[in-house]
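Enquirer: Would you mind keeping the following structure in view while I ask a few things?
The values are calculated or read from the model by the stated rules, or taken from the named source; none is laboratory data. Source: prediction; values computed, not measured. Methodologically, a virtual Cβ is constructed for each residue, glycine included, from the backbone with ideal geometry; neighbour enumeration extends over all protein chains shown.
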Amino acid sequence: MNTFLTSNSWQMRLARTVVQAIVAFIFNNIVVILATTSIPAELQVIIVSAFMAIQAPIYHALGMRTSEKLPDEPEDDIPDAD
């Protein structure tokens, strides 16, 4: 995970861009996605609110994973990118 979030290789930058586009599409279109389901409108409002509530902390956590802010001890067994 550290490699995915901090590597500057073109493969990791491309992978992050693709993941970011997919997540942004889902977050931005959650209302439309839910409208195609049989979930009642009252519950859809709660689901959309929950997505909005978790969106900011997720982006904040990902933004904190720069190479300068990473812990000294790796969290997994993936070797460093460089």
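Enquirer: Under 8 Å between Cβ atoms, at least 6 apart or on separate chains: pull out the pairs that start in the stretch 1-18 with a residue that is under 18 Å from Ala61 (Cβ atoms) and of a type outside the set (Gly, Ala, Ser) and end on any residue that is modelled with pLDDT under 85 and surrounded by fewer than 11 Cβ atoms within 10 Å (Cβ to Cβ).
Expert: Hits for this filter: Met1/Glu75; Met1/Asp76; Asn2/Glu75; Asn2/Asp76; Thr3/Pro79; Thr6/Thr66.
Enquirer: Quick check: anything in the stretch 40-55 assigned to a loop (DSSP other than H, G, I, E, B), loosely packed, with under 12 Cβ neighbours inside 10 Å and at pLDDT 85 or above?
Expert: Looking only at the stretch 40-55, we keep the residues that are assigned to a loop (DSSP other than H, G, I, E, B), and these are 40.
Restricting the remaining residues to those that are loosely packed, with under 12 Cβ neighbours inside 10 Å gives 40.
Narrowing further to those that are at pLDDT 85 or above: 40.
Within the stretch 40-55, one or more residues are assigned to a loop (DSSP other than H, G, I, E, B), loosely packed, with under 12 Cβ neighbours inside 10 Å and at pLDDT 85 or above.
Enquirer: Still on this structure, please answer the following. Just the residues that are at pLDDT 85 or above and hydrophobic (A, V, I, L, M, F, W, C), please, taken from the stretch 4-18.
Expert: Going through the stretch 4-18, the residues at pLDDT 85 or above turn out to be 9-18.
Residues satisfying the conditions are Trp10, Met12, Leu14, Ala15, Val18.
Enquirer: Hey, could you check the stretch 25-39 for residues that are surrounded by fewer than 12 Cβ atoms within 10 Å (Cβ to Cβ) and of a type outside the set (Val, Ile, Thr) and say which is farthest from His60 (Cα to Cα)?
Expert: Ser38
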